[in-house]
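Student: Here you go, one structure.
The values are calculated or read from the model by the stated rules, or taken from the named source; none is laboratory data. The model shown is predicted, which means the values in this text are computed figures rather than measured ones. FYI the Cβ positions are ideal-geometry reconstructions off the backbone, even for glycines, and counts take in every protein chain you see.
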Amino acid sequence: MHRIRVWPHATLIVLGFAFVAGAAAIFWTKYQRSAEAKALPNAARIERVDGQVGLNHPLDNASNGQWVAATPNSPISVGDRLFTRDNSRSEIAFTGRNFASVDANTSLDILDLSQQRTQVALRDGSALFDVGSLGSGQLFEVATPCGAIDLEQPGVYRVAIDNNGNAIATAFSGEAQVVGQGGTGRIRKGEVLTVPCQNSSGAVISRVDANQAGPLLDGYYRYRYPRTYDGRYRNYYTYLDDPYYYDPYRRYDSYNYVSDYIPGIYDLDDYGDWQYINDYGYCWHPRVYNGWAPYQSGYWAMDYPYGLTWVSNEPWGYAPYHYGRWAYTSNEWFWIPEATNVYPTYSPALVAFLPLGQSSLGWVPLGPGDPYAPRYYDPYWQPVYLTSPTVIQERIVNVSVPGAVTVVPAQDFGRVIDPGVITRVDPQTITQIRPVLDPLTVDPMRRAAFQTRNAERHIDVPQTIAQRINNTPVVTGAAPAAPPFRRDLASALRVQPVPERAKNQKLQFRDEPAAAAQQAVQSQTTGQAPNVAAEQARERQMADLARQAARGDRGARQQMQEVRKQQIEQQRAERVANPSAQGERVRQQMQQQQDQRQALRQQQQAQREAARQQMITTQQLRRAATQQQTQTQREQRRQVEIQRAQQPAVRHSQQQQMVRSQPPAQPRERKPPAQDQQPQGQPRVMAAPRQQQIRQQPERKAAPEQMRPERQEQVRPQRQEQPRPQPQAERSGAPKGQGQPEQKDGRKKP
């Protein structure tokens, strides 16, 4: 009887335990998925690409280690590697306020992009990091082969690997901690720390050279803000006075409506306007043409581990395509961002896909209220869904909007999407298709998605460089958080955390400014001439400390007082210990001043003597030129006189020769006789020598009584010989009637 009564109670107890276990499993699964969704890393944005910049996905087994050409608006996330070739450059936006400018021949890996940590690895080359915001407990770390540089305050830093393999960390502003194999050190604004990879005891700290820092900062801000930068940071001290003048958080209104964790929100002010929309709040409207729709200008790419990712060709096309939703109201498209107090979640593309059979496929932007399934893919491209199913049962809001659905042929899915590729489909056909969020769950769309890799443009990276990058380990202050899609991230990317003993040990380094100041003090004590470089370094150090003290830095004020005390004590010790040396220095200074005056007088006297010699030489040259000119004029006058004496005899012989050599004129039909033209040609021949003779006469003016007889001798023979063609024609046998009639003055008519 007791057994019969116990059996129902035991059954109820077992069923209760089963129910509790099932509920616990459900809650644990939800919690695990929620934790994985939060652990899913964010993505950075490649903002600018100049030259050949390659992007590699070493965690993707299907990439085969190939380098793909990076383009603006391409996402880059955990496990991705960027490399810049010769004469190339690129910019990366990690958030809306933290950026990096990657120089040529530089390798940069992304290790962590979570809410509390941004971690990158610099294996070769150099990069400038512009950190505009770091919240409480947040860390921005740059891992190098020699150690980790933790950027603990907002500022501008530069990290480089020199030709000797040393890591060089420069703090133009802000403060950073360097954790190496030999210990931990700290650099402040205006300091440079060089950490060797082999010899941990050879670290050196020095001051920033203002003459080099100014041009470097000027080039960075001119490259990043070409529209607004006015060149003020060419002077490094001007930058120190106001290093946040170009912080986009202070200059753009979009930061009032969008979380500053989202990269690319600073582009929204230049390409659109904010407007208050009922039920949505403040929304952004792009300045576009009529008939424009989202997700219709760009291309699709397979990005591990997120899957099919949209890369826009529009300059502002990053934040509105990976965060928030799109709504169509008042015949215009508006982008609705998430709340500013919510940490945003990156999405490869906020669209729903429409499988249209084997030949076509389409997509439509998600609107407010449409569900979305956060997911990632394992190394075999199998999806892992975190919160919702892959198939949407409800109707998509924007499906009925005219032009919202983009449809392309399947063979053109891997091409650049533009209006020439888009096809139109009957709206009734679209309403009958059930949209899906994951295109890899539908076989035709999965094949089209992987075909996009065939259209990718590749970058040729030399095999030696690729191997050196892959085989170079880096040191981090803390191991990067393992993402859910790759638990062995640290070993796959050759990341080694720094030993714990090194964190608690102080890095031993040589302080060049302090050494220079000490050397200057020692040289003064021994009576030697002071080192100018050391004096300048100490002056710059005092000026920097004064600026920090003026801004309320108590540590800088105390350090400045200690430096002054040390300087006063050293001067007192110098006067007490070696008074004769001080007198000797005074005598040396007076002797130097006297020598300088003597050298100046000698230099002035030499200059005066050189000027006098030059003046004498100039006068001699002028006299020689005048004498040569006078001699030339005399020779010209002598030649003119000889020509004048020979001219009458030459003219008479020429006339006789012309008369004898002239053949007799023959009558011609339809043409006037030769005798009619002969008298005209003969005076021209006689007049030519006279004109030439007149042109060759010198310009000087002679006395009238000397010129008149000569002119009469030249003119009278010419006037007497002009009427001679008529007797010449008679001797040639020409009829008299064919001659030209004479005028009253003895000349023939023409």
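Student: Of the numbered conditions (1) touching a helix residue (DSSP H, G or I) at 6+ places or on another chain (Cβ under 7 Å); (2) of a type outside the set (D, E, K, R); (3) assigned by TED's automatic domain parsing to the domain that holds Ser101, Tyr246 satisfies every one except a single condition; which is it?
Tutor: (3)
Student: Something else now. Please indicate, with yes or no, whether at least one residue in region 514-534 is modelled with pLDDT under 85, in a helix (DSSP H, G or I), touching a helix residue (DSSP H, G or I) at 6+ places or on another chain (Cβ under 7 Å) and among the β-branched types (Val, Ile, Thr).
Tutor: yes
Student: Looking at (1) surrounded by 20 or more Cβ atoms within 10 Å (Cβ to Cβ); (2) over 23 Å from Gly219 (Cα atoms), find the lone condition where Tyr157 falls short.
Tutor: The number of the failed condition is (2).
Student: Let me ask another. Within region 55-62, does at least one residue satisfy the condition of being in the same structural domain as Val475 (by TED's automatic domain parsing) and either assigned to a strand (DSSP E or B) or at pLDDT 95 or above (or both)?
Tutor: Scanning region 55-62 turns up at least one residue that is in the same structural domain as Val475 (by TED's automatic domain parsing) and either assigned to a strand (DSSP E or B) or at pLDDT 95 or above (or both).
Student: Let me ask you something else. Could we say that Val288 is farther than 21 Å from Pro371 by Cα, in the same structural domain as Trp381 (by TED's automatic domain parsing) and assigned to a strand (DSSP E or B) here?
Tutor: No, not satisfied.
Student: If you go through region 39-97 one residue at a time, how many are closer than 19 Å to Arg123 by Cα and free of Cβ contacts under 8 Å to residues at least 12 places away in the same chain?
Tutor: The total comes to 0.
Student: Would a scan of region 250-272 turn up a residue that is out of contact with any Cys (no Cβ under 9 Å at 6 or more places or on another chain), surrounded by fewer than 23 Cβ atoms within 10 Å (Cβ to Cβ), assigned to a strand (DSSP E or B) and in contact (Cβ under 8 Å) with a residue 40 or more places away in the chain?
Tutor: Scanning region 250-272, I find at least one residue that is out of contact with any Cys (no Cβ under 9 Å at 6 or more places or on another chain), surrounded by fewer than 23 Cβ atoms within 10 Å (Cβ to Cβ), assigned to a strand (DSSP E or B) and in contact (Cβ under 8 Å) with a residue 40 or more places away in the chain, so the answer is yes.
Student: Given the condition in the same structural domain as Gln119 (by TED's automatic domain parsing), assigned to a loop (DSSP other than H, G, I, E, B) and among the charged types (D, E, K, R), answer yes or no: does some residue in region 488-496 qualify?
Tutor: There is at least one residue in region 488-496 that is in the same structural domain as Gln119 (by TED's automatic domain parsing), assigned to a loop (DSSP other than H, G, I, E, B) and among the charged types (D, E, K, R).
Student: Kindly provide the set of residues from region 263-294 that are of a type in the set (Ser, Thr, Tyr) and at pLDDT below 95, ordered by number. Don't jump to the end; show me each part of the working.
Tutor: Step one: list which residues in region 263-294 are of a type in the set (Ser, Thr, Tyr), which gives 266, 271, 276, 280, 282, 289.
Correct list: Tyr266, Tyr280, Tyr289.
Student: Select, from Arg186, Arg224, the only residue that is outside the structural domain of Arg117 (by TED's automatic domain parsing) and either modelled with pLDDT under 95 or more than 20 Å from Gln496 (Cα to Cα) (or both). Step through it out loud before you land on a result.
Tutor: Numbers: Arg186 fails: outside the structural domain of Arg117 (by TED's automatic domain parsing).
The conditions single out Arg224.
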